[in-house]
Structure formats: structure tokens, C-alpha cells
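Presented below is the structure to which this report refers.
The values are calculated or read from the model by the stated rules, or taken from the named source; none is laboratory data. Keep in mind the model is a prediction, meaning the values are calculated, not measured. Please note: Cβ atoms are built from the backbone with ideal geometry, for glycine as well, and neighbour counts cover all protein chains shown.
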Amino acid sequence: MMQKYNNTRIIIGLDHGYGNIKTMHRVFRTGVECFEEEPIVSTNYIKYKDKYYVIGENHLIYQGNKTDSQDFFILTLAGLAEELKVRGLHEAKVLLAVGLPIAWAKSQAADFKKYLMQEQELFFSFRNEKYKVYLCGVEVFPQGFAAVCNAGSMKGFNMIADIGNGTMNVMQIIDGRPLEKSLVTDKFGVSICMKEIQKELSKSAGESIPEIMIEPILINGLQGRNDVTAKTVERIATRYTEDILKRLVDYGYKENLVHLYVIGGGGCLLRYYSNIASKGNVTFIEDICANAKGYEYLAMQKQRRQVV
């Protein structure tokens, strides 16, 4: 029997990346570590069904289908808690708006909905604060397109490149209309570049180099650094961005004819380790939460159409 909830019914957008989970207002790493007992040091954990899940100490390994483990379900609870906290709530009826890589949105949407709706009544705590959520439903949208869905009319020939930690998603849009046949999901995310950098640095250092020491250089550029680590990052990141641009050309990008919209963490690499930022017809969507915001926007539009 469903418990009594308050009358608050809201839409929450969650962008389930392999590197980070994004809501409209929050970003956190995707690491999930399960413990049978309460963690001794960390307070950044979900308590759900008598188990404890420490969140955000690393990134998830790319696994293709997000329903293959419980990780993204637990991360969804953390995302709900983060966003509810911002909104001053600890209980609500929620319509969850999420996304999948463009080319997989149709084939995996039903399974992803079922996965996220495995329990409609959710009782859990995060950072020792209790939350109660009733999931009214789940809407699944194509990631990348969601980030630019309210960017204007998008006249002419446009291309979206959403470069995340696990995949690069590409879509062509002509006069505001997405082309179905242009949808591509390429397993060429930023994690490939990161692993190559770690491999090279580990050879010279003789020990494993954590991502946290490399990420700032990828995100912010060299910023005047000229040490061995910075030079290694620059060399490999430059090669990676060259490969991205070659792939975009293969997928229909024409520098003088196409307006390119770059989304996701990979945009930082293109900005700092290629010359594409100097082109006049390239737009970088710098808001890391753009997809999550787009999911909420699309879900709201869909609800309005259903009411009419």
C-alpha cells in the first residue's frame, strides 16, 4: 500500500554519465562502493535496504548497458537526494527525466525505464538525511539533443557532438529537424584519453597515477605548466582530439558548411588541445548540466502536450 506523500510533484532531470552524474543544480562523480556496515570515514554515502554505498570516490568503468549492475540505480538515488536538497525537499512525487546515448535511445529506453522503476516507493538516506520518493514515471530522451533543444531554431546544417567519459554521440540537425539516419554513438569517450595518459605517466613514474592528478590539466588546459606530466598530457590529448575531429568528418562534419555544437567533458579537450575553438561556426555548450536541464525541459513540454 502506497504511503501518504505531500502534494509536491516535480520533474527531476538526471544525466547518467560514466564520469559524472548531473542534475539541474549538482554534479558528482559516479563511483559506487558497497559496504555491509556504516563507513568509518566517509559521510558521502547512501543507506538503502540495510546496505551502505559510498558515492563519488572514483569514476565508473564503461560497461555499455547501464542496466548491467545496480550502480546507476544507486547513483539515481544520490542524484534525487542532491536535487531534492537544493529544492528544500525530503519527500516528493517525482517524474524522472533521463537520457541515453543517441543511437541507443530507442533500443534501450524500455529496459532503462524498467530498471529505474524497479521500485516506485523509495526510502533511503544520503549524508544521514532521510528521503522519501514516489516515482510517478520515467521519460527517456536522446542525450546531446536535449542539451541544445532550446537553443533556438538552428537554421541550416548543424551537428551535435556530445563527448562524454564513455561515448561520443553525434547527430545532424537541418533547419531544426534531427536526421534519424545521422545518429551515431561511438565508444570513443574521454576515458580512452585518460587511460592512455595514465599508462604513459605510470611508465616514467614507476607507479599508478590517479585520475585526480590529470583531470585539472584536461579540464583547464596547461595554464603555463611545462613539466613532464603536462607535456605528456598535452601530447596525448592533442592526438586524441585529432582523432575526434577525424571521426566527426567521417560522420558528416564539414568545417565551412556545418555549425558544430560541442557538449560534454570532451569539449574541454577540444578547446585546449585543438584549434577548433578558433573557428567561427563552432559553439561550445559549457554548462555541464545542460543535458539534465534539457531532459527537464523536454519532459515538461511533453506533459503540456498531453494536457492539451
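Key figures
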item: Residue list for segment 167-184, filter: surrounded by fewer than 21 Cβ atoms within 10 Å (Cβ to Cβ) and not charged (D, E, K, R); result: 172, 174, 176, 178, 179, 182, 184
item: Filter result (more than 18 Å from residue 164 (Cβ to Cβ), part of a helix (DSSP H, G or I), hydrophobic (A, V, I, L, M, F, W, C) and touching a residue at least 12 places away in the same chain (Cβ under 8 Å)) within segment 277-308; result: 298, 299, 300
item: Hits in segment 255-276 (condition: under 22 Å from residue 15 (Cβ atoms) and not in a helix (DSSP H, G or I)); result: 260, 261, 262, 263, 264, 265
item: Qualifying residue in segment 96-115 (condition: modelled with pLDDT of 95 or more, over 21 Å from the mean Cα position of the chain (by Cα) and surrounded by 23 or more Cβ atoms within 10 Å (Cβ to Cβ)); result: no
item: Test: residue 208 is over 22 Å from residue 186 (Cβ atoms), part of a loop (DSSP other than H, G, I, E, B) and among the small types (Gly, Ala, Ser); result: yes
item: Residue within segment 49-60 that is loosely packed, with under 14 Cβ neighbours inside 10 Å, in contact (Cβ under 8 Å) with a residue 24 or more places away in the chain, assigned by TED's automatic domain parsing to the domain that holds residue 82 and β-branched (Val, Ile, Thr) present; result: no
item: Where a residue in segment 118-130 is closer than 22 Å to residue 40 by Cα and its partner, wherever it lies, is of a type in the set (Val, Ile, Thr) and part of a loop (DSSP other than H, G, I, E, B), with Cβ under 7 Å and at least six apart; result: 127/43; 128/43
item: Meets criteria (closer than 30 Å to residue 271 by Cβ and either touching a residue at least 24 places away in the same chain (Cβ under 8 Å) or assigned to a loop (DSSP other than H, G, I, E, B) (or both)) for residue 153; result: yes
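Rundown of residues vs (1) surrounded by fewer than 17 Cβ atoms within 10 Å (Cβ to Cβ); (2) without any contact (Cβ under 8 Å) to a residue 40 or more places away in the chain; (3) outside any loop (DSSP other than H, G, I, E, B); (4) not charged (D, E, K, R), yes/no style:
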residue	(1), (2), (3), (4)
165	no, no, no, yes
194	no, yes, yes, yes
202	yes, yes, yes, yes
226	yes, yes, no, yes
231	yes, yes, yes, no
253	no, no, no, yes
